[in-house]
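The values are calculated or read from the model by the stated rules, or taken from the named source; none is laboratory data. Only a predicted model underlies this, so the values are computations on that prediction, with no experimental measurement involved. Cβ sites come from the backbone with ideal geometry, for glycine too, and all protein chains shown count toward neighbours.
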Amino acid sequence: MSNLYIIDNKASRSSVFGIGTYINELGKSLQQSDLQPCFIRLNSDRQRFFQEIEDGVPHWYFPLPKLKYKDDEKHNKLYFQNVVFVLRQYIKPTDHLIFHLNYLHWKPFADELKAAFNCKIVLAVHFLSWCFDILGNVTQLQNIIGKSEDDLDQLSRQVRKSFNEEKTMLCSVDKVISLSKHTTYLLQYIYNTEEHYISTIYNGLEDKVYKKFDRIQIRKKFHLPVKMSVIIFAGRLDPVKGLSYFIQASKIVLNQFPNCHIIVAGSGDYQTCMKECGNRWMNIHFTGQLEKSELYELYSIADFGVMPSFHEQCSYVAIEMMMHSLPIIASTSTGLSEMIDEGITGLHVPVNESEYKIDIDISLLAEKMLYLLQHPTERKRMGTNARKRYEQLYSSEKMRKNMLNFYKSLFNAFPN
């Protein structure tokens, strides 16, 4: 039997969004398995080290440090040393000990764990930092990597620094979990990680469409006419999500379908987004961050979803939409290009990238949106196919099987 320790960072925004969902789904998938999981929550708001049992699984909370060093590297190293010191008091030596990390800039933690325990360390790659800085522009990244230090501006230096830190971290663990084929390609050919160290395992999500939603009643609840077309965007109001392109395309769509209702579900910079809406802000509704139950109700009444993101690994928003039988208009960025089958489960909008620029054709995005509005039969067909794709690739059961096989393979691939 293997002892598995899944590490989370409560101070990270990602813990609330994608990584938090991943860890929760991973915990569910390990129930009634041969693994003995334990969740380790670092940088929590607890005042001291705290243990509790949730759904039969131990959760260990490590508080935020009371003192903060100006030198981040020194601060992190000391914090991780203290965490590992405490872990040594509670973790018994075993031949099958696994630590599952979820953050790429935690090399000091990986080093401390390796020094303290006879263990395997695995790393799930949820995001690559440079993708936020340059909107996932691989061409620009390669250009930055190839330049001399003197030829780089401040942003480029930051990008290369993050890239080098990530590359070093990838060499510090026993196995890497990639969430998309696109990321696997980047890890192999940009980061030079050997193929046998990487396992591509898609995210999975528990099926919440266990009952048929009453679309008429839900539309009444939200005061929407029964026959009004509804388009939904869900995610952070962040440039990397391509929301600006969605708003501009929506304004074009509204010129032809003035009664169409646009929903933007998520939190972020509302002021900038509202300005971009211009005189169409009455047709574009910003909900703020919603509870899952409310978001799922909106999915149930939407005609299709739009995801013009510049960076996604294996998007939970896309999985949720497919789970609710929504066709998706998605950019061809990173993992989205493989999640959506062109003409089968949705439509693609190419991401155009050059050495210094990356963008999406707003007119083409609007054209795709208009196509789905004008072709309800095609829209329904794609939605039905999207649901099938969820069941085949992105269900919680699929993730469970893949993750259990992955964990079991660790000690076969790396015998003690």
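The table below lists the values:
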{"read-out": "Residue check for S229: within 22 Å of N283 (Cβ to Cβ), in contact (Cβ under 8 Å) with a residue 12 or more places away in the chain and touching a Cys at 6+ places or on another chain (Cβ under 8 Å)", "value": "yes"}
{"read-out": "Flag if S178 is modelled with pLDDT under 95 and among the hydroxyl-bearing types (S, T, Y)", "value": "no"}
{"read-out": "Unique match (being in contact with a helix residue (DSSP H, G or I) (Cβ under 9 Å, 6 or more places away or on another chain) and assigned to a loop (DSSP other than H, G, I, E, B)) among C277, C314", "value": "C314"}
{"read-out": "Condition check for L170: of a type outside the set (D, E, K, R), out of contact with any strand residue (DSSP E or B) (no Cβ under 7 Å at 6 or more places or on another chain), within 30 Å of L97 (Cα to Cα) and modelled with pLDDT of 95 or more", "value": "no"}
{"read-out": "Residue, surrounded by the fewest Cβ atoms within 10 Å (Cβ to Cβ), within the range 193-219, restricted to residues that are of a type in the set (D, E) and in a loop (DSSP other than H, G, I, E, B)", "value": "E194"}
{"read-out": "Helices (runs of 4 or more DSSP H) contained entirely in the range 92-182, each with at least 2 residues that are within 21 Å of the chain's Cα centre (by Cα)", "value": "129-133, 138-146, 154-170"}
{"read-out": "Verdict on M382 being surrounded by 18 or more Cβ atoms within 10 Å (Cβ to Cβ), under 16 Å from K28 (Cβ atoms), out of contact with any Asp or Glu (no Cβ under 8 Å at 6 or more places or on another chain) and not acidic (D, E)", "value": "no"}
{"read-out": "Any hit, the range 125-135, residues being closer than 16 Å to K175 by Cβ and surrounded by 15 or more Cβ atoms within 10 Å (Cβ to Cβ)", "value": "yes"}
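To keep it simple, each residue is scored yes or no on (1) in a strand (DSSP E or B); (2) under 20 Å from I19 (Cβ atoms); (3) polar (S, T, N, Q).
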{"residue": "I40", "(1), (2), (3)": "yes, yes, no"}
{"residue": "N43", "(1), (2), (3)": "yes, yes, yes"}
{"residue": "R46", "(1), (2), (3)": "no, yes, no"}
{"residue": "W60", "(1), (2), (3)": "yes, yes, no"}
{"residue": "K74", "(1), (2), (3)": "no, no, no"}
{"residue": "F80", "(1), (2), (3)": "no, yes, no"}
{"residue": "V84", "(1), (2), (3)": "no, no, no"}
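Let's see how each residue does on (1) of a type in the set (S, T, Y); (2) in contact with an Asp or Glu (Cβ under 7 Å, 6 or more places away or on another chain); (3) within 23 Å of S309 (Cβ to Cβ):
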position: Y185; (1), (2), (3): yes, no, yes
position: Y202; (1), (2), (3): yes, no, yes
position: R219; (1), (2), (3): no, no, no
position: M228; (1), (2), (3): no, no, no
position: G242; (1), (2), (3): no, no, yes
position: A249; (1), (2), (3): no, no, yes
position: T272; (1), (2), (3): yes, no, yes
position: R280; (1), (2), (3): no, no, yes
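For every residue, the table says whether it meets (1) in contact with a Phe, Trp or Tyr (Cβ under 6 Å, 6 or more places away or on another chain); (2) not assigned by TED's automatic domain parsing to the domain that holds V122; (3) not hydrophobic (A, V, I, L, M, F, W, C).
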| site | (1), (2), (3) |
| --- | --- |
| V349 | no, yes, no |
| N352 | no, yes, yes |
| Y356 | no, yes, yes |
| A366 | no, yes, no |
| Y371 | no, yes, yes |
| M382 | no, yes, no |
| R387 | no, yes, yes |
| N402 | no, no, yes |
